[in-house]
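Since the structure comes first, as structure tokens, the remarks are kept for the end.
The values are calculated or read from the model by the stated rules, or taken from the named source; none is laboratory data. Fair warning: this is a prediction, and the values are worked out from it, not measured in the lab. Note: ideal-geometry Cβ built from the backbone for every residue, glycine included; neighbour counts use all protein chains shown. Side chains are part of the model used for accessible areas, which takes the heavy atoms of the whole protein and leaves out ligands, DNA and RNA. Shrake-Rupley method; radii C 1.70, N 1.55, O 1.52, S 1.80 Å.
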Amino acid sequence: MQATVPSASARRAVPFAFHGRGGEYFRIWIVNILLTILTLGIYSAWAKVRRQRYFYGNTRLGDATFEYLADPRVILRGRLIAFGVFIVYSAANQFYPPAAMVLSLVFAGAMPWLVVRSLAFRARNSAFRNIRFDFKGTYREAAAAFLWMPMLIPFTFGLIYPYVVRRQKEVVIGNTMYGTTPFTFSARIRDFYELFVPMLVLLVGGGMVVYGLARFSLPLGLAVGGLFYLGLHSYLSAHLSNLVYNHSRIGPHRLRSSQRARDLALLHLTNLVGIALTFGLYIPWAKVRLARYRIEHLQLLAAGELDAFAAGEQQNVTSTGEEIGEMFDLAIGV
Amino acid sequence: MSGIAGTFYDGRTSRGRPAVLHLGRDGVVWFDDAALPRASIRELRISERIGNIPRAFVFPDGARFETPDNDAVDRLLAALGRARAPRFLYALESRARYILLALAVVVAFSWALVRFGIPEAARAVAFALPVETNAAIGASTLELLDRAVLRPSALEAETRERLAGHFARMAAEQPQGFSYTLHFRSGGRIGANALALPSGAIVLTDELVQLAQRDEEVIAVLAHEFGHVAHRHGLRRALQSSAMGLLAVLLTGDVSSTSAMVAALPTLLVEAQYSQAFEREADRYAYEYLTRRGIEPAHFANLMERLEQRRRGAGGALAYLSSHPPTAERLRRLRGGS
């Protein structure tokens, strides 16, 4: 599609593979929950590291797996701080709302910082072939993409939204490094509008149909609305992943993602039914299935060998950013 | 002991070298390839076993030897007689009986939490908070209902005044601190119904008033609604759903929208059960109130029966998802006690 693509024969497709198994992860998951309960939540930091190590360690690219290297004690510290902040905020909100307003403003100002710290913590604790990832984003960039631009969304009737999403992906990916090798992000603004505009039309059209059905029969409206949401969510998630991965490069190498909306929708639907029928005990299988689908539909189009990446300098980052971000539902994904 | 095959990464570039690791009697770790470093086993950090992900030996300078041969690493550690603690978790995770035990504990804990812990804690918190908190919950609910569902009442002024008189007398006998107000509305889609808002506002639909054959029946319904207010059900419902949300995060391990979606169904089921418990509490409140005033609780049962005939309510499996307990059960309680 793009004129600048080098001839396909020059590149070697290296698939990502996922070796995790639901039954195996179930054992880790249930022990994690047990120990978290018995320690009144303290163990949750260790549980997180164990869970992440399981998923990273089962993700294979070529002949090597990924590693998650975070120190649980750092995560615990972050969680305690986040919890403290949450308590202070709730108390302020309950007993002296003006103070909570001021706190909200402080949080808004701190949000870009949290985004940067969170991405840096995750990147620097991820490694492949003993070379760590890194994140070089600045407060200013993050503030523009995650704070100022989203504020404009209501004033532009949402027209700016695809642009904002693209900019956020660019900040996240364009500032990520593998060792000393930077990632680059080349998706055009147009690509994002071409994805989101039909979605908007579908959302409005489908929403009206669902509303009409719901007036006729509420259960029918809810059922159709649920399926419609699932379908739309799967479509967006599959195509957004493909768009982002397919326009990301790492040095001379490219990525190729080939997720399909209908596969994802079926996967989500069966996961949902499984989890509902087992009161949550199916969650580990659901997570493994989803991870497998996403990972195994990703390939690295390698230009040459993968052993020439050099390590960068390492700094330590504490995890407060990531954990506070988690607590306040700040979802920043690739 | 034969060596352990794996890959050595020096940590400076991504290049990996195939290598075989050996442990000498003197506690020195060395490789077949003489160009690779040697180190005392005491200086190395060996990663914990998780499932079957590769194991790493981390050297003091950051170099790393990775091997998929977990069993060989375990044998090596066992021969050294160390690293008992890290293997504790893997031992828990790999034995069926511990998994069953963990499962039993987690299921029992979750059940007890959902069945007793959350409702009791919500009750304690709701009654510890000042009464005014109730008014803050759903302050704009009536406005919203008026816009979406309810229509102005078409009842005669005389009927309204008579019922308002009953209401005023009852309100005087209720707990202090709420602002009790009675609102007449035409029910629209919700038909014959009565609602209590946490602040003490009670809505009575025309259809319900018309369905009632005697004022005692309306008084019974009002008593039930006063029960919702006095037991602070609105506030408790809000507290219980936040607690359920936290529990879902604890179980699924993240706060993403997908986990919210997958947790929705079980949550719905649990919240329906909570709602039914509230209805039973309000029924009991009404029963006690009516008995105290010397009104036959059967009046409440009669009205409920007439409502039921109108609705042909959902039964069977759907009953678990219903916000109210099955009418037959409620009637049994009301009539059985009298």
Single unsatisfied condition, B:Gly27 versus (1) touching a helix residue (DSSP H, G or I) at 6+ places or on another chain (Cβ under 6 Å); (2) modelled with pLDDT of 90 or more: (2)
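One line per residue, one yes/no per condition, for (1) assigned by TED's automatic domain parsing to the domain that holds B:Gln276; (2) free of Cβ contacts under 8 Å to residues at least 60 places away in the same chain; (3) touching an Asp or Glu at 6+ places or on another chain (Cβ under 6 Å):
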residue	(1), (2), (3)
B:Leu101	no, yes, no
B:Thr133	yes, no, no
B:Arg147	yes, yes, no
B:His166	yes, yes, no
Hey, A:Arg140 part of a helix (DSSP H, G or I) and within 14 Å of chain B (Cβ to nearest Cβ) or not: no
Being free of Cβ contacts under 8 Å to residues at least 24 places away in the same chain, more than 11 Å from chain A (Cβ to nearest Cβ), open to solvent by less than 40 Å² (accessible area, probe 1.4 Å) and under 51 Å from the mean Cα position of the chain (by Cα) is the filter here; which residues of the stretch B:16-52 pass it? B:Leu44
Quick check: is even one residue across the stretch B:53-74 at positive phi, buried (at least 18 other Cβ atoms within 10 Å of the Cβ) and small (Gly, Ala, Ser)? no
Can you spot a residue in the stretch A:15-33 that is touching an Asp or Glu at 6+ places or on another chain (Cβ under 7 Å), within 7 Å of chain B (Cβ to nearest Cβ), in a helix (DSSP H, G or I) and touching a residue at least 12 places away in the same chain (Cβ under 8 Å)? yes
Quick check on my filter: what residues within the stretch A:263-278 are open to solvent by less than 50 Å² (accessible area, probe 1.4 Å) and either of a type outside the set (Val, Ile, Thr) or at pLDDT 85 or above (or both)? A:Asp263, A:Leu264, A:Ala265, A:Leu267, A:His268, A:Asn271, A:Leu272, A:Gly274, A:Ala276
Taking A:Val172, is it touching a residue at least 40 places away in the same chain (Cβ under 8 Å), at negative phi and crowded, with 20+ Cβ neighbours inside 10 Å? yes
Under 6 Å between Cβ atoms, which residue pairs at least 6 apart in sequence (or on different chains) link something in the stretch A:74-100 that is at negative phi with a partner that is open to solvent by 50 Å² or more (accessible area, probe 1.4 Å) and among the hydrophobic types (A, V, I, L, M, F, W, C)? A:Ala82/A:Met327; A:Phe86/A:Met327
Regarding the stretch A:210-231, can at least one residue be identified that is touching a residue at least 24 places away in the same chain (Cβ under 8 Å) and under 22 Å from the mean Cα position of the chain (by Cα)? yes
From the list B:Ala79, B:Ala112, B:Ala85, which one is at pLDDT 85 or above, exposed (fewer than 12 other Cβ atoms within 10 Å of the Cβ) and not charged (D, E, K, R)? B:Ala112
Taking the residues in the stretch B:146-163 that are open to solvent by 40 Å² or more (accessible area, probe 1.4 Å) and of a type outside the set (D, E, K, R) as candidates, determine which candidate is nearest to the chain's Cα centre (by Cα). B:Ala148
Where residues in the stretch A:279-334 are within 15 Å of the chain's Cα centre (by Cα) and acidic (Asp, Glu), which of them is modelled with the lowest pLDDT? A:Asp329
If I filter the stretch A:254-262 for residues that are of a type outside the set (Gly, Ala, Ser), within 30 Å of B:Thr13 (Cα to Cα) and crowded, with 20+ Cβ neighbours inside 10 Å, do I get at least one hit? yes
Answer yes or no as to whether A:Gly280 is free of Cβ contacts under 8 Å to residues at least 40 places away in the same chain and at negative phi. no
Failed condition for A:Ser104, given (1) surrounded by fewer than 22 Cβ atoms within 10 Å (Cβ to Cβ); (2) within 13 Å of another protein chain (Cβ to nearest Cβ); (3) among the polar types (S, T, N, Q); (4) more than 19 Å from the chain's Cα centre (by Cα), with all others met? (2)
Within the stretch A:143-157, work out how many residues are outside any helix (DSSP H, G or I) and either among the aliphatic types (A, V, I, L, M) or open to solvent by less than 30 Å² (accessible area, probe 1.4 Å) (or both). 1
So, in the stretch B:169-183, exactly how many residues are touching a strand residue (DSSP E or B) at 6+ places or on another chain (Cβ under 6 Å) and of a type in the set (A, V, I, L, M, F, W, C)? 1
Which number in (1) more than 30 Å from A:Leu159 (Cβ to Cβ); (2) outside any loop (DSSP other than H, G, I, E, B) marks the one condition that A:Val210 misses? (1)
